[in-house]
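Scroll down for the structure; my scribbles are underneath it.
What follows is calculated from the coordinates using simple rules that are stated; it is not laboratory data. Keep in mind that this is a model prediction, so the values were computed, not measured. Virtual Cβ from ideal backbone geometry, glycine too; neighbours counted across all protein chains shown.
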Amino acid sequence: MTRRFWIAAFFLACASAGTHDLAPVRAVESIALTVSDLDRSVEFYTKVLDFEKVSEAEVDGPEYERMQGVFGLRMRVARLRLGDESIELDEFLAPRGRPAPPDARSNDRWFQHVAIIVSDMDRAYRRLHEFHVRHASPGPQRLPDWNPNAGGIRAFYFKDPDDHPLEVLWFPAGKGDPKWQDRGRLFLGIDHTAIVITDTEASLKFYGEMLGMKVAGTSENWGPEQERLNNVFGARLRITAMRAASGPGIEFLEYLAPRDGRPYPPEEKANDLIHWQTRFVGTIPAKSNSVELPDGKLGFHKSLVFRDPDGHAVQVVEP
């Protein structure tokens, strides 16, 4: 199947699920990731990165099976907050999913991370080093001044206990949301979640036309600093920042070079450890394959989960 045909088939599938009738989403509510040991991950995010645990629930039943596409599931779910933004950690007690591929690279198209803003990059890196986090970059990188949109920004990639990629990011004065200039705390919040994509125009059609997000900025990044940040030799990226009315942004990472990133595994499921899911608040069409949840334990009662053109999971919920 050619890539163009696959994208056309994907949007046809979205239409049949009722997603073509979605109203513009109101917010990016949280970003969820699947973990192998919830207690270990909660300890990592709270002790190393200063997240606050807000809630925990355990769920099972046919409605949750339909929502996640995993038969016979039982899940522990923890919600963590940093500043104004939240993540969700999902541990599948049953059935257990597959680990992340040991040779995963930053240009593989299942790549997704959250960018955590810090008030002081040197202090943040020392904290991460003290906790012996696994490096994905050799160290913090300062993006060059010749790049008007990214110059002066400092960034570092690392891994959590399940090898999910994460980023700490520091903005100089005049860049990023003004709230990121707060120097009172070390870890301030989540600016965006970044996803590797194949084609910016196809992703703009999906997140812009279908979900109603707006372009907030663009950049083209290359050079030795970008190569070391992503740990991909010869990296040249077309970057597009998208925003809803509130919540973290979504950042497209299209690798113009090298073009050898691997596609999202077609057999991937929500209990696999490469799984991320970006949650939006919006209005779900009545005629859709949505799921009505019986208890509201996760903070919403209606859910519709589908995939973007590259396979990244998207969830729209109603309270």
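In the chain, what % of DSSP beta bridges are antiparallel (nearest 5)?
The antiparallel proportion sits near 75 percent.
Which distance in nm do the two modelled labels at Asp163 and Glu58 give, with both placed 7 Å along the Cα-to-Cβ direction?
Distance between label points: 2.9 nm.
Considering the values (i) 21.0; (ii) 20.5; (iii) 19.9, which represents Kirkwood radius over Cα pairs in Å as calculated for the structure under consideration?
Only one option fits the structure, namely (iii).
Which value in deg cm²/dmol, rounded to the nearest 500, describes the helix-derived mean residue ellipticity at 222 nm for the chain, given -39,500 (n - 2.57) per DSSP H run of n ≥ 4 and division by the residue count?
Values: 6 runs with 53 residues, N = 319.
Computed ellipticity for the chain at 222 nm equals -4500 deg cm²/dmol.
Calculated FRET efficiency, Glu268 and Arg236, Cβ-Cβ r, R0 30 Å, to nearest 0.05?
E(calc), rounded to 0.05, equals 0.65.
Distances over 28 Å make up what percent of all Cα-Cα pairs in region 112-257?
Counting pairs separated by more than 28 Å, the tail of P(r) holds 16 percent.
Any chance you could check the Cα centroid distance between region 113-140 and region 249-319 for me, in angstrom?
Value for the Cα centre distance between the two parts: 27 Å.
Assuming a strict under-22 Å limit between Cα atoms, what lysine pair count do you get for the chain once near-sequence pairs (fewer than 8 apart, same chain) are dropped?
Going through the chain pair by pair, I get 11.
At Ala245 and Asp120, where each label point lies 7 Å from the Cα along Cα→Cβ, what is the point-to-point distance in nanometres?
Here the answer is 3.9 nm between the modelled labels.
Mind jotting down the distance between the C-alpha centroids of region 164-229 and region 14-88, whole Å?
Taking the Cα centre of each part, region 14-88 and region 164-229 sit 21 Å apart.
Need one number: nm distance between label points at Asp177 and Arg142, each 7 Å from Cα along Cα→Cβ, rounded to one decimal.
2.6
What length, rounded to one decimal in nm, is gained on full extension from Ala286 through to Arg134, with 0.36 nm per residue of separation minus their alpha-carbon distance?
50.2 nm
Could you work out the relative contact order of the chain? I mean the mean sequence separation of Cα pairs under 8 Å and 6+ apart, divided by the number of residues, in percent.
25
Under 5 Å between amide H atoms, partner at least 5 residues away or on a different chain: which partners does Leu256 have, H built in plane at 1.01 Å?
Long-range HN contacts for Leu256: Arg236, Leu237, Arg238.
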